[in-house]
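**Q** Pasting a structure below so you can have a look.
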Amino acid sequence: MTRTFDDLKPVLELFWRGPRRKLLLGMLISTATILSGIALLGLSGWFITATAIAGMSAATALAFDVFSPSAGIRFFALARTASRYGERLITHDATLGTLAELRERLFRGSSERRAAEELRMRPAKLLFRITQDVDALDSLYLRVLVPLGAAFAAALAIGVALGLLHPVVGLAAGAFLIATGLAVPLLAARAAERPARRRAHALEVLRSRVIDLVSGQTELVMAGRLTAQRGKIADADRKLANADDRLNFVETAVFAAFGIANAILIAAMLLVVAALAKSGNISAPVASFAVLIVVAALEPFAALRRGAIELGRTRLAARRIGPRLLTVASPQRSDPPDGIAVSLDHVSVRHEHAPQLLLRDLSLSLRSGERLALIGESGAGKSTLLGVIAGEIPIEDGKVVSVPGTLLTQRTELFADSLRDNLRLADPTADDSQILHALTAAGLGAYIAGQPKGLDTRLGEGGLGLSGGEARRLALARLFLRDTRLWLLDEPTEGLDGATARDVIARLKANASGRTLVIATHIQREAEIADRLLIMKRGHVVASPRRGEAAFETALAALRQD
């Protein structure tokens, strides 16, 4: 039980810090619904029995008050209908609002450096966390907490009502309801935990393998692995079906257990009220009332059935996404001295669990407005150094200070959305005139003018519909929209033809006035705009010539040309 609470604690805290009043109000209205239903059933039984007895003689029939019980029945019927509607409205609104916040926090938590890198390698895993795992958490409130609160209130109310007949009867009935109503769901949760986990794992594997089949069918055919992949999908589907069968069996057993417990409770109450009525302690209408309220006594606890069956899945989902919900303080990066844009002091970097350092005892100072090109063979540490300056890669030792910067990577992430919204990722407050100015500065003015829908033109997945050069220019427009003093560029023209690459470089130079540039490159045309070269080899700086020095021209000439 302690482990269950530990797994669910981050999610429970999120619910509690969220729309707390709505959550409590939803539980209260759910309790009112249950109590109204029990009261309606008991009062109806009392009224029918009392009316039948009163009708046995004219004197009692004329004296019998039919209006007060009728009004009570109408009240409880309307109250149950209204509270049922209010319960659905409030509990689902509160739950959906909390899950929306949960998804946002999950996105933010997954964007942490190492988490993002891990999930980037397994995108289906991230998709499953954001969809299925988050959806699994709605049962925590709707199918566990709400029915549990309503069930305890119902047990208490029934115990008090029966206690008016006889204290021992009320105490025994309340104890039986709580003991049985909790024991059955707890046993069901324990029995269903393993198959629920297996089902969640099987569903994730099934979806992942189907995605691999659809997206990689050409490669699978070429490698002769299509049949094997289909076999893996069938195997995951079988495991999913087996888990479903086991869960269905547990649910059926729970349903039967509650049916047996309810039958025992009704039989016991019949015997008790018969004895009390025979001794003259209660009347026939009161006996009818007592029997009928226990008929619905276990109904609130039976509502826990689905929550208990899904508790294993809920725990698994909470355990998976709980660590992503914890607020991780971003490392503090102090501002550099005036006139300095970037300063690294004896910085060392290592991938997690890697034996060798990527950067070793590296020191660097870059003046504001200076343009630096990082050159060296692949694996020298150029991209790593850019990531360190951008704050994307944690350091093992040393100190890094820099002004706020923007990192333009080799890969342009474009989404199936409008041009406007793709650009607003860089500046959510940018208006259309600013966006058009950035597009024109990036060389896409003619392109956007030729689009009938202008900025509302939609792109396909991954920027489908744009050429490589246009996609790169769109990334450049994003860079221009970011009003930062430091630009970090990782091979900005790689893969472009010579004419397009030279135009991109020219536009970078034209819009980089007053800004500090750091460019990781092995292409001559990109390094030509630099004031200084930083020559790297295996995480070390081996030379740092400036423009005008012979070593600068020699290193520049050794780079790859167009």
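The values are calculated or read from the model by the stated rules, or taken from the named source; none is laboratory data. Keep in mind that this is a model prediction, so the values were computed, not measured. Reconstructed Cβ throughout: ideal geometry from the backbone, glycine too, with neighbour counts over all protein chains shown.
**Q** Given Val273, Val214, which one is surrounded by 12 or more Cβ atoms within 10 Å (Cβ to Cβ), assigned to a helix (DSSP H, G or I) and modelled with pLDDT under 90?
**A** Numbers: Val214 fails: surrounded by 12 or more Cβ atoms within 10 Å (Cβ to Cβ).
The match here is Val273.
**Q** Turning to a different aspect of this structure: Cβ-Cβ under 6 Å, sequence separation 6+ or interchain: first residue in the range 17-39 and farther than 10 Å from Ala94 by Cα and in the same structural domain as Val144 (by TED's automatic domain parsing), partner in a helix (DSSP H, G or I) and aromatic (Phe, Trp, Tyr). Which pairs?
**A** Close Cβ pairs (under 6 Å, with a partner that is in a helix (DSSP H, G or I) and aromatic (Phe, Trp, Tyr)) amount to Ser36/Phe76; Ala39/Phe76.
**Q** Can you tell me how many residues within the range 517-537 are over 42 Å from the mean Cα position of the chain (by Cα) and not in a strand (DSSP E or B)?
**A** 7
**Q** Oh, and also: Evaluate the range 305-323: report whether one residue or more is exposed (fewer than 14 other Cβ atoms within 10 Å of the Cβ) and either modelled with pLDDT under 85 or of a type in the set (A, V, I, L, M, F, W, C) (or both).
**A** yes
**Q** For the range 420-436, which residues satisfy the criterion of being among the β-branched types (Val, Ile, Thr) and surrounded by fewer than 20 Cβ atoms within 10 Å (Cβ to Cβ)? Step through it out loud before you land on a result.
**A** The first filter runs over the range 420-436 and keeps only residues among the β-branched types (Val, Ile, Thr), leaving 429, 435.
If the condition is that a residue be among the β-branched types (Val, Ile, Thr) and surrounded by fewer than 20 Cβ atoms within 10 Å (Cβ to Cβ), then Thr429 is the only one that fits.
**Q** From the set of residues in the range 393-419 that are surrounded by fewer than 16 Cβ atoms within 10 Å (Cβ to Cβ) and touching a helix residue (DSSP H, G or I) at 6+ places or on another chain (Cβ under 7 Å), which is nearest to Gln356 (Cα to Cα)?
**A** Checked the range 393-419; the qualifying residue nearest to Gln356 (Cα to Cα) is Pro394.
**Q** Across the range 131-171, what is the number of residues that are part of a helix (DSSP H, G or I) and surrounded by fewer than 17 Cβ atoms within 10 Å (Cβ to Cβ)?
**A** Step one: list which residues in the range 131-171 are part of a helix (DSSP H, G or I), which gives 131-136, 138-163, 167-171.
With the extra rule that they be surrounded by fewer than 17 Cβ atoms within 10 Å (Cβ to Cβ), the set shrinks to 131-132, 135, 156, 160, 163, 167-168, 171.
The number of residues fulfilling the criteria is 9.
**Q** Just to check your reading of the model, which residue among Glu494, Glu526 is touching a strand residue (DSSP E or B) at 6+ places or on another chain (Cβ under 6 Å) and within 29 Å of Leu359 (Cβ to Cβ)?
**A** On inspection, the qualifying residue turns out to be Glu526.
**Q** Name the single residue, out of those in the range 387-436 being aliphatic (A, V, I, L, M) and part of a loop (DSSP other than H, G, I, E, B), that is nearest to Gly369 (Cα to Cα).
**A** Filtering the range 387-436 for residues that are aliphatic (A, V, I, L, M) and part of a loop (DSSP other than H, G, I, E, B), the one nearest to Gly369 (Cα to Cα) comes out as Val403.
**Q** Could you tell me whether Glu204 is under 27 Å from the mean Cα position of the chain (by Cα) and charged (D, E, K, R)?
**A** Here the answer is yes, as Glu204 does meet what is asked.
**Q** Going through Arg350, Arg360 one at a time, which residue ends up being assigned by TED's automatic domain parsing to the domain that holds Thr484, among the basic types (Lys, Arg) and over 35 Å from the mean Cα position of the chain (by Cα)?
**A** Answer to the selection: Arg360.
**Q** Something else now. Restrict the check to the range 58-79 and report whether at least one residue is crowded, with 20+ Cβ neighbours inside 10 Å, within 47 Å of the chain's Cα centre (by Cα) and more than 25 Å from Met269 (Cβ to Cβ).
**A** no
**Q** Give the residues of the range 450-482 that are of a type outside the set (Asp, Glu), within 28 Å of the chain's Cα centre (by Cα) and more than 15 Å from Thr406 (Cβ to Cβ), sorted by residue number.
**A** Answer for the range 450-482, where residues must be of a type outside the set (Asp, Glu), within 28 Å of the chain's Cα centre (by Cα) and more than 15 Å from Thr406 (Cβ to Cβ): Arg458, Leu459, Gly460, Gly462, Gly463, Leu464.
Conditions (1) modelled with pLDDT under 85; (2) closer than 24 Å to Arg515 by Cα; (3) in the same structural domain as Asn511 (by TED's automatic domain parsing); (4) basic (Lys, Arg), marked per residue:
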site: Ser368; (1), (2), (3), (4): no, yes, yes, no
site: Leu385; (1), (2), (3), (4): no, yes, yes, no
site: Ile393; (1), (2), (3), (4): yes, yes, yes, no
site: Thr409; (1), (2), (3), (4): yes, yes, yes, no
site: Gln434; (1), (2), (3), (4): no, yes, yes, no
site: Leu459; (1), (2), (3), (4): yes, no, yes, no
site: Ala471; (1), (2), (3), (4): yes, yes, yes, no
